[in-house]
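Down below is the structure, laid out as structure tokens.
The values are calculated or read from the model by the stated rules, or taken from the named source; none is laboratory data. The model shown is predicted, which means the values in this text are computed figures rather than measured ones. Please note: Cβ atoms are built from the backbone with ideal geometry, for glycine as well, and neighbour counts cover all protein chains shown.
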Amino acid sequence: MSRIRILPDALASQVAAGEVVERPAAVVRELVDNSIDAGATHVEVHVQRGGSSLIRVVDNGHGMGREDALLCLERHATSKIHTKEDLASIRTLGFRGEAMPSVASVSRFRLATREPDALAGTEVEVHGGKMHAVRDYGGAPGTVVEARSLFYNIPARRKFLRSEATEYAHVEQQFRVHAVANPRIAFTLVRDGEVLFHLPATDSLLARIEGLCGADMARRLYEVEPFTLQGVTVQGYIAGPGVSRANRQMQFTFLNKRSVDSPTLAYGLREAYHTALMKGQHPITFLYLEMEPDTFDINVHPAKKEVRFHNGFGVREAVVQAVRRTLEAATRLSTGHMPMPQARSSAPQIPAAEEVQTDLAIPEREKFELRKDWSAMPRQTAGAAATPFAAPLAKQELTRPPVSPAHEEDEVDAVVTARSSTPFPSPVPALVPAPELEATSDLPVSPSPSPSLPASDSPRLPVSPSPTLPSSSSTPSPGSFRILGVLHKLYVLMENAEGLVLMDQHAAHERVLFEQMRRAMETEGVPSQRLLIPLTMQTTPRDFDILSRNLPVLHKLGIEAEPFGTNAFKLDALPAFVKTDDPLGLLRDVLDELAGAGSKTSALRLGEDMIATTVCRHAVKANDNLRDPELKKLLEDLLACEMPYCCPHGRPTLIQISLPELERKFGRRAP
């Protein structure tokens, strides 16, 4: 007797439902997808007990006739594709014809629909996959779909549902995804009879984001203007440095208005933000990608969450460039207004002075080794001395005669000019004791009006006014600040037209040195230091291929390696600024990163990571006494950076405390 049997239709439907209906949020996703495809302009979502008791989706779309209402409950019945060629140009959200029969097989299901010009509609009831009733329906044009008692006929699956609060949280997140992707459609969410969201249709994407996430969040976003690269158009809104989350719930990425989860997009955001966020934090993004349907495949996951790109590197590069250009432009507001983290925001906290000093202390022996390594590096040509990324004053290690206050600033400027001709900064040892800083500086205060909010006209995506992002040629003027003093020999207190500004001198110097070294890496490459004895490393054929393809970029990073027999590499040199007792371990770490990303951009990002670690040792430390001219020079060089408002590790360099906030603290203004 044969051991293989064909499953009954009811059981086969329940198995298929397991791929589509994971939890109540999956039902909401599928039903709202159908409503959007039906041309609805208003969608209502009602849930009870987290969706396990009731899910009702009401829309005003074009509805269905009786024949279509009965056919849509059959497996693989759809009006959206007809031939295999249609799979290469999918432009709808739902196309497989599995959602309705899958939901009907695991719930007490009701479908009521009417076409706009029909006298009567159709109402169908299905319980556990079995037809229960078919009758006329006299409701409004559109479609109403109800799924009650989800998984009532599959107790084994029902017991794996989480608490009502958890299931509702997933439903609300799915609702947000649909609402953000379709601002021109009105959405309403009702939980246990209470209206939680009522979002009217709008042509402004920023207004929709404000309705979902609040006005405070909307004010912190910057518009990603439409940017096209290799057939991929990227636009939307992103949060600047200092505004992040510990999870990815506020990271929205859409492809042709479909929410997708793709490693390609995740790598792109990681590369674009990797020196603007602290480790473990995730950016807040509302990114929209537009591509031709034949350049990607959405038919690789039952829930249509994942996507495969024919040119994954091109997609990632488009995301990287679009986001990075916006982040760099966001830090250069021509009006002088500073988009820096606010003191009361969710920006990462600056560590205490004792913490920084302990973490960044350099033993005397390591100072000597650093001086020896850096002094061997090549000098820039005279023409390259005009770079705006000159490091702040690097103090001399040797004892020098005292300088009179009258000539002190002239000597500082002379030293800064001499040091700016080197592509890589020298180590910064402990400072020579300096006189106490005066309470005020002679820097004038200039008014800094708020940024203008011009309207944005996007050809594909509805947007609304957002903070202006001028060209990178305009920078805030150091003259907009007046230095007041230094707190705990770490935090520089300054005044501007907006209120009080605090600058972390260590983080600020890190950013200046980082950008100076990165520019040198991108132009002439990183100097290498040869190993005393070359080392060999055996690899797998796959790893051998990855390293072989990235050898030119690794050489530019200062890692000199070459093939040495079958599936083996010989390591000859490492970057001069890298200190490690395990050179092969470093090469393996680089290989692991390349295996996960596999591109030139990722290899350069590895170089930036190594630089970020290095400048932490070289930057000015807590308890280093900086004189007034040095503070001015540090501020000037910081504001000349491409991204001055965070250090390479994502910590803020500048924090603004506004005058209204100070007035509230002192009771001069109502909270």
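Candidates are the residues of segment 297-309 that are of a type in the set (A, V, I, L, M) and modelled with pLDDT of 80 or more; the one that is surrounded by the fewest Cβ atoms within 10 Å (Cβ to Cβ) is Ile298. Against the test of being touching a Ser or Thr at 6+ places or on another chain (Cβ under 9 Å), closer than 17 Å to Ala169 by Cα and among the hydrophobic types (A, V, I, L, M, F, W, C), the options Val58, Val27, Val43 yield a single qualifying residue, Val27.
Screening the candidates Phe160, Phe187 for the property of being aromatic (Phe, Trp, Tyr), free of Cβ contacts under 8 Å to residues at least 12 places away in the same chain and assigned by TED's automatic domain parsing to the domain that holds Glu115 yields one hit, Phe160. If I filter segment 256-296 down to residues being among the acidic types (Asp, Glu), farther than 14 Å from Gln235 by Cα and modelled with pLDDT of 85 or more, which single residue comes out as nearest to the chain's Cα centre (by Cα)? For segment 256-296, the residue satisfying everything is Glu292. You will find that of His42, His76, His62, the residue that is at pLDDT 95 or above and assigned by TED's automatic domain parsing to the domain that holds Asn182 is His42 and no other.
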